[in-house]
1. Among helices (runs of 4 or more DSSP H) lying entirely in the stretch 1-118, which contain 2 or more residues that are within 30 Å of I153 (Cα to Cα) and modelled with pLDDT of 90 or more?
2. When the residues of the stretch 80-122 are filtered to those that are in contact (Cβ under 8 Å) with a residue 40 or more places away in the chain and not aromatic (F, W, Y), which remaining residue is nearest to S150 (Cα to Cα)?
3. Restricting attention to the stretch 125-145, which residues are assigned to a loop (DSSP other than H, G, I, E, B) and either closer than 13 Å to F109 by Cα or of a type in the set (G, A, S) (or both)?
Amino acid sequence: MSTVSHFENQEVLIQFDENAFESGSPAYNENFGDQVHEAQEQLLQLRQKQEQIERQKAELEELHRKKDQFITGRTELTDRLTRSITHLEKEALEAQRRVDEYIETKETFEDHLRSIQNLRPELWSRQQLRSELSRALGAIEDAEDDYLKSKPILERAKVIRPKGGSSGVEGFFGMAADSGFWMWFKCGLAFTLPLVIFGALFLVFCLLLPSL
């Protein structure tokens, strides 16, 4: 109950002397206006005090609400941010690991590509043909081995599709869905056919050269 309500609801008993208002008595001649005015002033002060207390109460309730909101928001955001940071750290490490794999694989493929491009059958002499063909086939086999080992990396990088279909690179090697004898047959054919053609042409050229 507020302060004003307490005073307003408080019963006030005033006892009067039966002879107080008889003509000539001191109470009869007393002026009650000042007392009424003073009571009104006190009542006004009490009402102002009540309004001040109510404002303070509203401010305290608002502060309490904001405090609860802050504590709840801080707890929830701390949990979400912590979990997000942990997840992002794991993803960053995984991404960095994949980038390192991609760079290493790319450099390996570049080395094999340079080696294959440096194979020039048209420049081999007849005496070099056997040894150069062996060396060329060894380079092709090394490139093939590294390519097969790197297939999981190529699938993650979406260079080739894990199931069905093939990219240009995998189509060249012809290993997307085949296995066993036919896979190796086609691989050997794909890798050696260009060299066999160059070798055959070179051999024909060498055989025809003395008759020219």
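1. Details: elements: 3-9, 26-29, 33-117.
Answer list for the stretch 1-118: 33-117.
2. T105
3. Initial filter on the stretch 125-145 (assigned to a loop (DSSP other than H, G, I, E, B)): 125-128.
Matches in the stretch 125-145: S125 only.
The values are calculated or read from the model by the stated rules, or taken from the named source; none is laboratory data. Computed from a predicted model, the values in this text were never measured in an experiment. For neighbour counting, all protein chains shown are included, and Cβ atoms are generated from backbone atoms with ideal geometry for every residue, glycine included.
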